[in-house]
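Remarks on the structure that follows.
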Amino acid sequence: MAWITKNSGTMQIDRRDEPYLTDEIKQKLEDEVVPRYDTRMAVTMPALHLVQDTHGWLPQQAIEEIAEFLGLTASQVLDTATFYEEYWLKPHGKYVIWVCQSLSCELLGQQGLTQQIGEHLGIGPGETTEDGKFTLMSVECLGSCGTAPCALVNHKLHENITADNFQKVLDALE
Amino acid sequence: MTGRTHENDPMTILKEPVLTKRIPTHPFGDPADRKVVSYKQYVKTDGYKGLGNALAMDPKDVVDLVKAAEVRGRGGAGFPAGMKWSFLPPEDGGRRYLAINSDESEPGTFKDRLLIDFDPHIIIEGIAICMHACRLDTAYFYIRGEYHHQREVFEAAIKEAYDNKVLGKDSRLGKINDRWPDLFLHRGAGAYVCGEETALLESIEGKRGWPRIKPPFPAVAGAFGRPTIINNVETLAVCAPILERGEDGPTWFQSMGTQRPEGAPPHVPASFGPKLYGVSGHVNRPGVYEEELGITLKDLIEGLCQGMRGGKKFKTAIPGGISTGVLSTEDYDVKLDFDITKYDTLGLGTAGVIVMDEDTCMVGVARNIARFFGHESCGQCTPCREGTNWMAKMLARIEAGDGTTRDLDLLLEIAGSMGALPSGRGATICGLADGANWAIRTIVNKFWSEFEAKVSKQRYVSLSVVGG
C-alpha cells in the first residue's frame, strides 16, 4: 500500500564508496532531463527510474545521492520513492514476475494460475526464490484486460497465459 | 484495409473506422495485420492534415470548432473538451502546459494502449492541435509505468515528430509563448491515483501522487502553478479527424453517436462521435473495438465479441472500468453512451466493458474490486483510506462464509459515506472513493440475494450506535 512508510529514523544505512548516481547518469540527467522541467524536484521520478534501471533497486545511499543532486532533502526523495509501487527499496530477484490480479484476470482464472506459478517456483506472492532468480508479485491491473490473464516478467508482457505456457516462459529464462 | 467487410454483420453501426483507420480491427480488418504506423505512412493516409487545417485557423476558432463538435472527454468523466479548453486565462507570456493522461490503470481499461501501440501519430497530431488552439508550449505525456513497450513506441514516435518539425525547434506550430513547442514523455511508476488529473500533476512535479483540492482548477494553476490542460489520449486523438474535415468536422462528428436525452436541458451534452470500447471478461472475442457511442451492450457482445464464452448466459457487465459499478441482468440491451447514468451506474467511464457470465460469484467480484481500491487509495483522505480497506476485509470475510447480515448493511453504509460527489457526502478530495462507493453499492444492491445467501442472520446496529 502506497501510503505505508516505515520508520527510518534509526535505520542503519549500508554504504559503499562508489556512488550509485554515477557521473555518467548525472550528466545524462543534466543534459536530457533537467531542461524538460521547471523545477529540479520534477526530475525526481526520472532520476529514480534511471538509477533503478541501472542498479536494479534503490538503496538508501542512492536516495541520498539523488536528493543531493537535485537540491532536495533525502526525506523528500524517499517520500516520492515510497509512494510508487514500481520503485524497489530492497533488492529483488533477477526476474520479477508481476501477475495481474485485477477483475478481468481473476474472472479468467488468475487465482489458480498464481498458485500454480508459486508452487512451481516454491514461493508465494511477495517472495523471492532462494537462488535469487525469481520474485513473484501479485499486482493490480496491467492494462491488458482483453488478453487476460496476463503477467509482466521484468519489462516484457505475457498475454493469455496458462500455467503450461507460462511455465515454459519461466523455464526458458537463464 | 478499405471499406466495410462486414455487410453481413447487422450489429455494427459505425460506417467507417475513425480512430482505428490505420489499425486493422474487426469488422474492418484483421488484428493480425497490425503494425506500428510510421510518420511516413501516417502522412500518406491523410495524417497531419487536421493539424495543417488547424494551423491555417485562428487558435480561438479551433477551440470553437471542437466546442461546436461537442467532444466529450474520453477518459472517464465525459467533460466537454472544448469547454475545458476555453477555461484557460489569457496568455501572459509565461509557460502553459498540456498534460496528456495515459495513466490507463483502471481494471477493464486498455483502449489507449491500442492507439499508442500502433498509431502514435494520431495522438501526437491531437496534441499539436491542442497546443496550437490553447497556446500551450510544453506537453507532458504521462504514461503509466507498466507500459514498457508502449513507452518505447511512443518515444520513437516523438522523435519522428521532432525530426519532421511537428514539434521542437523550427516546429510548424511556430513559437508559442515565445518558446518552441515541446512534447516530453513522463513515466509513471505504478499508482492508479495518478490518473486523477491533479495527482498526475503532482507526479509530474516529482511528488507523491496526492490529488489537490480544487479550486484552483488546473486550467488556472496546474503544473508548476501555471495554466494547464489535462486531456485523455483518446480525446486528443479524436480531434485530429475532426480538424481533418475542417468546417465540416462538427457535423461529421455529430452524425455519429446519440442525441442528448429527451427533455434534458440544453447544458446537458449529448454523446457524439466514435468511441473505443475495450471489452474483456467472459466473451468469445475480447479486445478493443471502435463503435459509435450508443451501441448497445447486447450488440457489442453478440456482434463484435461473438457472444458469451462457452454459450453461457449473461449475468452482468461493468460499463466502463470497475469504478462505474455494475448493470443488472435485465439491462442487457442498454445503450453504451454517456447517458448510462440513468441505469444506476456512475457513468460510461472509460468504456472498458467487463462482461460476466451466469457462473460469476458477485461476492468475489466485490471482494476483488474492494481490494483494488484499498490497495490504490493514496491515503490522503480518511474515509477512503480506512473505508476501502475496511470494505476489502469485510468482503473477504463474507466470501469465506464468516459474514453476518449486519456486515451487509455496514458495507452499504461505509460505501455510501465516501466520495467527492454528493453520493459520497463530499467526504474526499478526489473521485477514487466515488468509484469504490458506486462499485460496491451497485453490486451489493443489485445482487443482494447472493450476498444474503452467504451470510448468517444478525440484527443491524447503526454505526452511530457502535461509535457511541
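Just so it is clear, none of the values below were taken in a lab; they were calculated from the coordinates. Because the structure is predicted, anything quoted here is derived from the model rather than measured. Here Cβ is always computed from backbone atoms with ideal geometry, including for glycine, and neighbour counts include all displayed protein chains.
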- [ ] Would you compute, from DSSP H runs of 4+ residues alone, the mean residue ellipticity of chain B at 222 nm, taking -39500 (n - 2.57) per run and dividing by the full residue count, rounded to the nearest 500?
- [x] -10500 deg cm²/dmol
Task: Computed Rg/Rh of the stretch A:18-83, alpha carbon atoms with Kirkwood Rh - done: 0.91
TODO: Evaluate the distance, in nm, between pseudo-label points positioned 7 Å from the Cα of residue A:16 and of residue B:175 along their respective Cα→Cβ axes.
DONE: 4.8
- [ ] Sequence neighbours fewer than 8 away in the same chain don't count; with that in mind, list the aspartates and glutamates whose C-alpha is under 18 Å from residue B:335.
- [x] B:262, B:290, B:291, B:292, B:299, B:302, B:344
Open item on the list: How shielded is A:145-157 by partner chains, expressed as the average number of their Cβ atoms within 10 Å of its Cβ atoms?
Closed with: 5
TODO: Can you tell me the 0 to 90 degree angle between the C-alpha axis of helix B:432-446 and the longest principal axis of chain B, rounded to 10?
DONE: 50
- [ ] Output the direction-averaged projected area (hull surface divided by four) of the convex hull of the alpha-carbon atoms of the protein assembly as shown, in nm².
- [x] 29.9
Task: Relative packing of peptides B:376-383, B:251-258, B:314-321, A:29-36 - highest average C-beta neighbours within 10 Å first - done: B:314-321, B:376-383, B:251-258, A:29-36
Task: Three principal axis lengths of chain B [C-alpha, angstrom, descending] - done: 72, 54, 45
TODO: Please give every one of the lysines within straight-line cross-link reach of residue B:44, meaning a C-alpha to C-alpha distance under 25 Å, and leave out same-chain neighbours fewer than 8 residues apart.
DONE: B:15, B:21, B:35, B:111, B:159, B:165, B:169, B:275
TODO: Would you list which lysines come within 22 Å of residue B:214, measuring only between C-alpha atoms, while excluding same-chain residues fewer than 8 positions from it?
DONE: B:84
- [ ] For every other residue with a beta carbon closer than 12 angstrom to the beta carbon of residue B:197, add +1 if it is Lys or Arg and -1 if Asp or Glu, then tell me the sum.
- [x] 0
Open item on the list: Within a 10 angstrom radius of the beta carbon, how do B:182, A:23 rank from fewest other beta carbons to most?
Closed with: A:23, B:182
